[in-house]
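FYI, it's all coordinate maths here, none of it is from the lab. These numbers come from a predicted model, not from an experiment. Neighbour counts are summed over all protein chains in view; Cβ atoms, including those assigned to glycine, are modelled from backbone coordinates with ideal geometry.
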Amino acid sequence: MPKVAFATLGCRLNQAESDQMAESLTQRGFVAAPTESADMVVVNTCTVTREATKASRSAIRRAVRANPAAKVVVIGCYAVSDPAEVKAIAGVDAVLSNDDKESFLETLSERPQTRGLLQLGIGPSTPQMQPARVRANLKVQTGCDEWCSFCIIPTTRGPLRSMDEEAIVSEARARVRAGARELVLTGVHLGKYSYDLGSDERRLVTLLERLLAIPGVLRIRLSSILSRHLTPELVGLLAGESRICRHLHVPLQSGDDEVLAAMNRPYRIDEYVESVRRAQSALPDLALATDLIVGFPTETDAAFDNTMKVVKELSFSKLHVFRYSPRPGTAAAVLADAIPPDTKKARSKALIELGNMIRTQWLARHLERPLQVLVEDERIVDDVHVSSGQTADYVRVWFEGSGLLGGIHEVVGERVRADGVQGRLKE
Ligand code: SF4
């Protein structure tokens, strides 16, 4: 049987798509293998920041070095934004677009470099979801029509496109049959799910209700969503349904209206704060994560202070801080990269320090109280069985225990760790 390995970079959507591609290969007779012994390595790339592009290039080179005999297939946003650059990397056999992910087998069958491997497959095998994970990403949408001036995604992923509702529900059922207990709805622009089908935000609520009705679903989590899509219907559903995780990732990017305008973000700070506060008051236990960019070309000292002020005002649970770097092909790339590297570094440091303080305070709220942990991993560390999983508000918890995978268990938080909370099993 032909063997395949995947290397996936970037967002949850990429991870969901890698899972789907792996699944289609499994059904064609492929088996998963480490890169070193695979016949084909698929590198699913990202190019959202300069660092992501660099990491994608390194992953491609690593795959070629680890297994020069394997067919190396590069797909994803970096393969779309810079196909010539990717093709020029020695050892790359095929460069595919994001659209090819949906017809992955057909595309590989058409390519002379990979056709032979596909023919080696033993044909349809026993359908088997792969890989079986407690938490499964579910792709519900791709593409974006916002054209934020710093972002290349509308170019690499194209316009808004929603997955068929029946197909999503049927994939969710299959994932649950394979052992998934938490479904993570992923998309580039989750809040605009179904907009391209002439519908509105209510369809996301309907989809959530249908997914909740699948027996075996213990939790549903939403990936990143813009503040304006925190509609009363969506917040109301979260408030009334404890299986939808109290964790929202609502990208802010800047706390300054002029910077938001220059970024072409589809909201201003008052609107963001109002939407988030409404959600926070309806969901008092809500964990709120956000993304922030520092050093955008028009970010003055005063504008950065505004960002610090907003972050201090809103009770975030986690900050993801990025230093701006121009992406060729974006609107902002024509602006002079005016903020000196030292200033970017200092602003990033200040925001990260603030974020670390906020995070530690947030984690401390999980001590000496029972936490509902969906167990996702179990391993032996120094002869001790250590289990770990996430709370609904997205805190990773470690504790001693075994045989609990896939269930929700009560753990008492005892100590804050850099990456989560250490606890003890209550049962
Ligand atoms: S909303 Fe803006 S930042 Fe997010 S993917 Fe679309 S263009 Fe990029």
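Let me check I have the definition right: for segment 370-425, take the eigenvalues of the Cα gyration tensor, multiply each by 5, take square roots. What are those semi-axes in whole Å, largest first?
Largest first, segment 370-425 gives 15, 13, 9 Å.
Identify, among TYR193, ALA136, GLY216, the residue whose Cα sits farthest towards the positive end of the charge dipole of segment 133-262, taking +1 on the Cβ of Lys and Arg and -1 on the Cβ of Asp and Glu, with the dipole about the Cα centre.
GLY216
Along the Cα-to-Cβ line of LEU212, 7 Å from the Cα, sits a label point; which residues in segment 392-411 have backbone N less than 18 Å from it?
From segment 392-411, the list is 392-393.
Apply the Karplus parameterisation 6.51 cos²θ - 1.76 cosθ + 1.60, with θ equal to phi minus 60°, to every residue of segment 332-340 and state each ³J(HN,Hα) to the nearest whole Hz, in sequence, with x for glycine and proline.
6, 5, 7, 6, 5, 6, 6, 8, x
Among the lysines, select those whose C-alpha is under 16 Å from the C-alpha of LYS309, and discard any that sit fewer than 8 residues away in the same chain.
Cα-Cα hits under 16 Å: LYS318, LYS349.
Can you tell which of SER18, SER103, SER224 shows the greatest fluctuation in a Gaussian network model of the chain with Cα springs below 10 Å?
Comparing SER18, SER103, SER224 in a Gaussian network model of the chain, the most mobile one is SER103.
Rank the residues GLU36, GLU233, GLU201 as a footprinting-exposure proxy: fewest other Cβ atoms within 10 Å of their Cβ go first.
GLU36, GLU233, GLU201
So how far apart, in nm, are the two label points at HIS320 and ASP291 if each is 7 Å from Cα heading toward Cβ?
Once both label points are built, they end up 0.6 nm from each other.
From the backbone phi of segment 152-159, what are the Karplus-calculated ³J(HN,Hα) couplings (6.51 cos²θ - 1.76 cosθ + 1.60, θ = phi - 60°) in whole Hz, Gly and Pro given as x?
8, 4, x, 6, 7, 10, x, x
Out of CYS77, ALA5, THR300, whose Cα points farthest toward the positive end of the dipole of the chain (charges: +1 Lys, Arg; -1 Asp, Glu; placed on Cβ)?
Of the options given, the answer is ALA5.
Please work out how much length the chain gains when fully extended from GLU427 to LYS54, using 0.36 nm per residue of separation minus the C-alpha to C-alpha distance, in nm with one decimal.
Using 0.36 nm per residue and subtracting the Cα-Cα distance, I get 129.7 nm.
Starting from the Cα gyration tensor of segment 183-253, multiply each eigenvalue by 5, take the square root, and state the resulting semi-axes largest first in whole Å.
For segment 183-253, the semi-axes come out at 18, 15, 11 Å.
Arrange the following residues from fewest to most other Cβ atoms within 10 Å of their Cβ: THR35, THR45, THR343.
Starting with the residue having the fewest Cβ neighbours, the order is THR343, THR35, THR45.
Could you derive backbone 3J(HN,Hα) for segment 19-29 from the dihedral phi with the Karplus parameters 6.51, -1.76 and 1.60 (θ = phi - 60°), listing whole Hz in sequence and x where the residue is Gly or Pro?
In residue order, the calculated couplings are 4, 5, 5, 4, 5, 5, 5, 4, 5, 8, x Hz.
Please find the FRET efficiency linking ALA418 to GLU110, where r is the Cβ-Cβ separation and R0 is fixed at 45 Å, and quote it to the nearest 0.05.
E(calc), rounded to 0.05, equals 0.45.
How large is the helix-only mean residue ellipticity at 222 nm for the chain, computed as the sum of -39500 (n - 2.57) over DSSP H runs with n ≥ 4, divided by its residue count, in deg cm²/dmol to the nearest 500?
Helix-only estimate at 222 nm: -11000 deg cm²/dmol.
Checking the cross-link filter: which lysines have an alpha carbon closer than 28 Å to that of LYS101, excluding same-chain neighbours under 8 positions apart?
Correct list for LYS101: LYS3, LYS54, LYS71, LYS87, LYS139, LYS192.
If R₀ is 41 angstrom, what is the calculated FRET efficiency for the pair LEU335 and SER242, using the beta carbon separation as r and rounding to 0.05?
E(calc), rounded to 0.05, equals 0.35.
For the chain, what ratio Rg/Rh do Cα atoms give with a Kirkwood hydrodynamic radius?
Radius of gyration relative to Kirkwood radius: 0.96.
Ranked by Cβ crowding within 10 angstrom, fewest neighbours first, how are CYS144, CYS77 ordered?
Ranked by crowding around the Cβ, least crowded first: CYS144, CYS77.
List the Cys residues of the chain that have no partner Cys with a C-beta closer than 4.7 Å.
When partners are defined as cysteine Cβ atoms under 4.7 Å apart, the chain leaves CYS11, CYS46, CYS77, CYS144, CYS245 without one.
Starting from a Cα-only point model with no solvent, please compute log10 I(q)/I(0) by Debye for segment 3-120 at q = 0.19, 0.20 1/Å.
-0.95, -1.07
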